[in-house]
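Reading through the structure tokens given below for one structure.
The values are calculated or read from the model by the stated rules, or taken from the named source; none is laboratory data. Quick caveat: nothing in here was measured; it's all calculated off a predicted structure. Methodologically, a virtual Cβ is constructed for each residue, glycine included, from the backbone with ideal geometry; neighbour enumeration extends over all protein chains shown. All accessible areas refer to the heavy atoms of the entire protein, side chains included, with ligands and DNA or RNA removed. Shrake-Rupley method; radii C 1.70, N 1.55, O 1.52, S 1.80 Å.
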Amino acid sequence: MAPLTQPMPPRLPLRCAPVLLLLALMALSSLGAYQVAQRLGLAEMQATGLHRLDLYAASLEREIGKYAFLPGTLELQADVLDLLGHPAGQKSPARVNAYLEQLNERAGTLAIYVINPQGQVLATSNWRRADSYLGENLSFRPYFRDAVANGSGRFFGIGTTRGEPGYYLASTLVDSRGTQGIAVIKVSLDQLEQSWTTVEAPVLVSDENGVVILGSVPDWKFTTLRPLDEATAKAFDQTQQYNRRALKPLGMRELRELDHGARLVSIAKERPEMVSVYPVAGRFLAQSRALPGTPWTLTVLSHLEQVDEIAQSRALIALIGGALLFVLGLMLNERRRHLKDRLAAREALQAAHDELERK
């Protein structure tokens, strides 16, 4: 019985080889065009992002700098130092309350108050309100501790009385007898945030705990950029920095690192996307910068949608160009074959004619 033979796989005609080669070249050229366009787009986006970082950092520093000098000026007021020089409750704070109230209205701050070295509020600009700070003990607040230890303190948190976010600037009040107390200014940064909502790319500010405290996207505020460990969560309960507010993760995930500290990140769409002038979910180019004088980090997020669209259009142009070259090559090859066949036919006819004459 004859042995069974395996059928040979069909071989591609030799004429198909150039076609496959051209198709491969077309695919490579399209891929190369996409990668080059994406690299160039990312480089241009990085340059734009650095410029935006400069602008946002300058605007934030300018906003805070308007009030930085204010706490220290209270030690120039004799009534303030006189109040602090007496044991709590032995001197009426009426004149200082009225002065702080007037100063707060003129400065456009949220509150101005004076604390004695034990942490008790002796006078405040909001003394008329039912939820006044007057008489509260704020020695647990980090800005008070920093001011006692270093002469000044900076802190962003949510107020424990009204639940109102603000930036606290604290400074010691000193006279010839030494430190008499602490002056605190609470500033709202809502106006700055409002101006950021019209920018071309989203921006956020995170504190030393990775919590977003400022941002151009309202839904991102008081979310976390990294998981919070148990020790940090317990510390929040003690300092009441976020007034026991639930801190949910933003859902930012790092994809890869780029040059100059830039990163490619993605933000998941875990909730209904809000109406915004720019995308708030998807892939972003993230560029960050530490803000001098604060433990904060400013981050600009440039959406990659535009870069991807440009890269895809360049890849499509390269593919169409390759297809045109392919068709042109086929036409030229067909013309060459046609000319070759005509020449061969002419030579055959001439040979037949010569043979006929010889016979």
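Which residue pairs have Cβ atoms closer than 7 Å, lie 6 or more positions apart in sequence or on different chains, and pair a first residue in region 225-242 that is aromatic (Phe, Trp, Tyr) with a second residue that is in a helix (DSSP H, G or I) and open to solvent by less than 90 Å² (accessible area, probe 1.4 Å)?
Going by the 7 Å Cβ cut-off, the qualifying pairs are Tyr242/Phe236.
Residues in region 100-108: is at least one touching a Lys or Arg at 6+ places or on another chain (Cβ under 6 Å) and of a type in the set (A, V, I, L, M)?
No - not one qualifying residue is present in region 100-108.
In region 143-158, how many are hydrophobic (A, V, I, L, M, F, W, C), surrounded by fewer than 21 Cβ atoms within 10 Å (Cβ to Cβ) and in contact (Cβ under 8 Å) with a residue 24 or more places away in the chain? Break it down into steps so the answer makes sense when it comes.
We begin by selecting, within region 143-158, every residue hydrophobic (A, V, I, L, M, F, W, C); these are 144, 147-149, 155-156, 158.
Retained after the next criterion (residues that are surrounded by fewer than 21 Cβ atoms within 10 Å (Cβ to Cβ)): 148-149, 158.
If we keep only those that are in contact (Cβ under 8 Å) with a residue 24 or more places away in the chain too, we end up with 148, 158.
Qualifying residue count for the region: 2.
Please determine whether any residue of region 89-106 is modelled with pLDDT of 90 or more, under 37 Å from the mean Cα position of the chain (by Cα) and closer than 20 Å to Thr161 by Cα.
There is at least one residue in region 89-106 that is modelled with pLDDT of 90 or more, under 37 Å from the mean Cα position of the chain (by Cα) and closer than 20 Å to Thr161 by Cα.
Among the residues of region 241-280, which ones are open to solvent by less than 100 Å² (accessible area, probe 1.4 Å), closer than 30 Å to Tyr168 by Cβ and at pLDDT 85 or above?
Pro249, Leu250, Gly251, Met252, Ile267, listed by residue number.
Of the conditions (1) at negative phi; (2) outside any helix (DSSP H, G or I); (3) surrounded by fewer than 18 Cβ atoms within 10 Å (Cβ to Cβ); (4) of a type outside the set (A, V, I, L, M), Asn209 clears all except one; give me its number.
Every condition holds for Asn209 apart from (3).
Which of the residues spanning region 128-137 are part of a loop (DSSP other than H, G, I, E, B) and under 21 Å from Thr172 (Cα atoms)?
Passing the criteria: Tyr133, Leu134, Gly135, Glu136.
Can you tell me which residues in region 173-200 are assigned to a strand (DSSP E or B) and under 18 Å from Leu103 (Cα atoms)?
Across region 173-200, the qualifying residues are Leu173, Ile182, Ala183, Val184, Ile185, Lys186, Val187.
Please identify the pairs in which a residue from region 290-317 that is within 30 Å of Ala170 (Cα to Cα) and at pLDDT 75 or above has its Cβ atom under 6 Å from the Cβ atom of a residue that is open to solvent by less than 30 Å² (accessible area, probe 1.4 Å) and acidic (Asp, Glu), counting only partners at least 6 apart or on another chain.
Listed by first residue and then by second, the contacts come to Trp296/Asp207.
Of the residues that sit in region 160-200 and are surrounded by 20 or more Cβ atoms within 10 Å (Cβ to Cβ) and among the aliphatic types (A, V, I, L, M), which one is nearest to the chain's Cα centre (by Cα)?
Once the filter is applied, the top-ranked residue is Val187.
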